Amino acid sequence: MSGYGVPGGPVVHDPMTLPVDDNVNKYTFCVELKGSEWFLQKGKMIAYYGSMEFNGIGHGRLDRLVRTSFHSPLHASDWVVAQGSGKMLLADRAFDVNSYDLDDGNLTIRSGNLLAFQPSLALKQSIVPGFLTLIGTGKFVAASNGPVVFMEPPIRVDPQALVGWADCPSPCHHYDHGYMTGVMGGLRAMTGLGGASGEEHQFEFVGAGTVLLQSTEILMAEQATGAVPQQAGVPGAGGVPGQHGQQTGAPRLPGQLGDLQRRFGL
Amino acid sequence: MFRLQGSKVLAVDMTGDAVKAKNGSMVAYDGQMAFKKLSGGGEGIRGMVTRRLTGEQMTVMEVKGHGTCWFADRASEINLVSLQGDKLYVESSNLLATDTGLRTGTTFTGLRGASQGNGLFTTTVEGHGQAAITSDGPAVVLRVSAQYPLTVDPGAYIAHQGNVRQSLQSGVTFRTLLGEGGGEAFQMRFEGDGLVYVQPSERNTIAGDV
């Protein structure tokens, strides 16, 4: 045993005392790999013991794994697969991190909040833009600004506080019509004059399930989820009925999400 | 005597002795205190020149008196480190305060520093006493021993102490150039016997982007 670290001083961790697939503190999560694999967002590993390899998802050997549990092809350049054995610490900009277990379930989460997941879960793009859906059985790690609280529908939530939802149908928009209709209401909403409370718009959840909220309204940086196929009827794809698969609006600018350039990390 | 009040404020009880602290980090004091700016980190002319040359500048003040003085720096978390004759290596921006019994200096870190975006040099603290270091989020202290070497992301590293060898590991392959890198192209590997302090957040480094 080494002589560093004094009793009564800060807790010193080594591979023996680090927890297995659990939080070290509120901001750091420890994952144990025993020849197994984990998907993680690029750059969220802060330290590890043992021998591990981090490979981009385009790596040939990982093809099979990616095929079964990664269905967000244009988003792939932001994810890596950790392989090997040892213990690995994950953290994200000093945000709260927590792990969640899914048991043959589904959960949709804001893309910027998801840090890592076990390959026994399948990651898919949600049809709600900016969200990802995890399906299956396994563990995943998510970050949030402040601790996460769990709510049950029916509930209306503030868009900025929403982290994700499990098992219930996708939310719909709710506008406070009593306050927002009419000329005065429109003016209030547009200018804020006459007292806009900033809470005229919510997401509404109905049905059975759980809604995850963070305890601040500070959003985490959005992570690109990649583009969806440019087809009519696909939300967010810009398809217009009658103009099959055609793009609307301005031509695509370089650097826009979902471009080839994203794929190659430029 | 260093103690933490909450996790973001350092309280130092003084009886006529002096501590070195980051310039302007005092938030309150009671009793009698004198604050004196130390040019060149209080390491004399030679230290001053070295710090200027190496870019490890730190503006330090000496606080001396009787009473209690409180220090804080941009609401970052503070971690106490006690040194018994061993050496602490820390980035100058993360060093908040050191005891009377400690000496500070600069040392060459080589490529490791470059990958971290913090320059090629780092600050050392040695002697007997206590030091306070800041981090973005509470630091996790990891032990390095002969059977358990440790690998750390350069962006999350803040300090290490003890008899530790560090080397830079590179995972750069042709895939990195294709943009399919592992996101962890540069890593710092620690071997030997000591402690490494890691923060739950990553600074922006050139290594973080490849």
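Numbers at a glance
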| read-out | value |
| --- | --- |
| Karplus 3J(HN,Hα) series, Hz, for the stretch B:95-104 with 6.51 cos²θ - 1.76 cosθ + 1.60 (x for Gly, Pro) | 8, 9, 8, 9, 5, 4, x, 10, 10, 10 |
| Size of electric dipole in the stretch A:12-144: Cβ of Lys, Arg +1 and of Asp, Glu -1, about Cα centre, debye, nearest 20 | 340 |
| Where only C-alpha atoms are counted, convex hull volume of the stretch A:12-144 per residue in Å³ | 100 |
| Charge context of A:T137, other residues only, Cβ under 14 angstrom, K/R +1, D/E -1 | -3 |
| Number of partner chain Cβ atoms within 10 Å, mean per residue of B:127-136 | 1 |
| For B:146-154, mean number of other protein chain Cβ atoms within 10 Å | 5 |
| Interface size A-B, as summed buried accessible area [1.4 Å probe, Å², nearest 100] | 3200 |
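The values are calculated or read from the model by the stated rules, or taken from the named source; none is laboratory data. Since the model is a prediction, treat every value here as computed from it, not as a measurement. Cβ atoms come from the backbone with ideal geometry, glycine included; neighbour counts cover every protein chain shown. With ligands, DNA and RNA removed, areas are computed over all heavy atoms of the protein, side chains included. Shrake-Rupley method; radii C 1.70, N 1.55, O 1.52, S 1.80 Å.
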